[in-house]
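Presented below is the structure to which this report refers.
Rule-based calculations on the coordinates, nothing more; no lab input. Bear in mind that the values here come from a model prediction, so they are computed numbers and not experimental data. When we count neighbours, we look across all protein chains shown, and the Cβ atoms used for this are built from the backbone with ideal geometry, even at glycine.
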Amino acid sequence: MPDSMSMFRLMGLPDFQAGDDLAKSIIDTLNTQNQTLMEGDVLVIAHKVVSKSEGACAYLDEITPSEEAIELAKTVNKDPRKVEVILSQSNRIVRAMKRPDQEEGVLIAEHKNGYICANAAVDESNADHPGQLILLPEDPDKSARELCLVLEKHFGCALGVVISDTFGRPWRLGQTNVAIGLANVPGVMYMLGEEDAFGRPLSVTAPAFADELAAASGLLMEKSAKSPVIIFRGLSWPKTDSSSRDLIRAHNEDLFR
């Protein structure tokens, strides 16, 4: 790795609606600011602008909750219409609970793409109007690849794209950004067989490179600042045919399933 790197947020992007061209907006905004992308740059992009431009949203006034959603909503004191959307995005509900001191409980779900997160990543923050729910993109890896190809063609250099979302953590407080879509950037860097600083061989070290990028982007990606694109420059990374699923632990290794 190099001794230093830089990261900066791309300001001035518009609010996005279904059908908007996200790649073109990134290009136009960079051009307006007399900036360019360079070889090896990695863009970390908040999933909400991807979801909005792809129309990955639901609207409460269009939802009729099922009996399952109505019963589950009683457990966690949530709007049954939102619970219906959560169920539609889930393979399974991992945990549903509400403490006495909570106004609204917690639904931990396995998203249909395999991520374990609250509410199957169904979110109302930064929605355009009340009653709008923002979902994850249907295929975040595909979204990342398509964005990356357009940007690489325009700027004539090799790039990486990470699509991020904010997840909680089961054994630590607070939330952090994680990678849910990848293009070219490795999800995990396996260091088996390499040596540490004292010459000892590494046997299990495998930094979650894409998650580290996503987490670092959160330092500049403020929810209130409309800064959904963070650009990293100066890192050394191997171009790979990667997928966000590379970061999901296999079922046979899951000690808590």
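Just a few scattered comments:
- Taken about its Cα centre, the chain carries a charge dipole of roughly 360 debye when the Cβ of each Lys and Arg holds +1 and the Cβ of each Asp and Glu holds -1.
- Number of Lys-Lys pairs in the chain with C-alpha atoms under 21 Å apart and a separation of 8 or more places or on different chains: 25.
- Net charge over other residues, Cβ less than 12 angstrom from the Cβ of ALA179 (K, R count +1; D, E count -1): -4
- The packing ranking of peptides 210-219, 178-187, 86-95, highest mean first, is 178-187, 210-219, 86-95, where packing means the average number of other beta carbon atoms within 10 angstrom of each residue.
- Spacing of the two label points (7 Å from each Cα toward its C-beta) at LEU220 and THR64, in nm: 4.8 nm
- From its DSSP helices (H runs of at least four residues, each -39,500 (n - 2.57)), the chain gives a residue-normalised ellipticity at 222 nm of -7500 deg cm²/dmol.
- Normalising the average separation of contacting C-alpha pairs (under 8 angstrom, six or more residues apart) by the number of residues puts the relative contact order of the chain at 25 percent.
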